[in-house]
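The values are calculated or read from the model by the stated rules, or taken from the named source; none is laboratory data. Since the model is a prediction, treat every value here as computed from it, not as a measurement. Please note: Cβ atoms are built from the backbone with ideal geometry, for glycine as well, and neighbour counts cover all protein chains shown.
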Amino acid sequence: MALMQVLNSTKATPFSNPYGFSRFFSKSSSFIEKVGIPEFLNGVGKGVETHVAKLESEIGDFQKLLVTRTLKLKKLGIPCKHRKLILKYTHKYRLGLWRPRAEPSKA
């Protein structure tokens with residue numbers, strides 16, 4: 001009986017975070033707001049940024065890069081390792097799991 005009263009009283013109150021945190025992360029996000037092809041490839045790193053001029057001239061738009069397939073990148077002359085990195089990070093970006101950082105990471 002007492003358990004039911006406790007459960008009913010907690011349902012009536014609006015949900016609030018018991019720890020007082022408004023977010024999961026304590027640091028502010030340092031992501032780039034507007035992402036283009038150069039920012040994206042610089043965020044990926046690992047030598048992929050060398051293809052910025054080629055991709056901007058052939059593909060042009062970042063949204064087109066997000067749906068570009070491996071055969072198109074191969075026809076542009078991008079090496080296999082870089083194609084795999086570009087496709088991996090475009091997939092993560094579309095899912096919302098990765099975004100390029102504002103300043104490059106120190107690796």
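Any idea which of (1) more than 19 Å from Leu97 (Cα to Cα); (2) out of contact with any Asp or Glu (no Cβ under 8 Å at 6 or more places or on another chain); (3) modelled with pLDDT of 90 or more is the one Phe15 doesn't satisfy? In the conditions (1) more than 19 Å from Leu97 (Cα to Cα); (2) out of contact with any Asp or Glu (no Cβ under 8 Å at 6 or more places or on another chain); (3) modelled with pLDDT of 90 or more, Phe15 misses (3) alone.
You will find that of Lys46, Lys75, the residue that is modelled with pLDDT of 65 or more, over 24 Å from Arg99 (Cβ atoms) and of a type outside the set (Asp, Glu) is Lys75 and no other. Does at least one position in segment 49-69 carry a residue that is surrounded by fewer than 13 Cβ atoms within 10 Å (Cβ to Cβ), within 21 Å of Glu33 (Cβ to Cβ) and of a type in the set (Gly, Ala, Ser)? Scanning segment 49-69, I find at least one residue that is surrounded by fewer than 13 Cβ atoms within 10 Å (Cβ to Cβ), within 21 Å of Glu33 (Cβ to Cβ) and of a type in the set (Gly, Ala, Ser), so the answer is yes.
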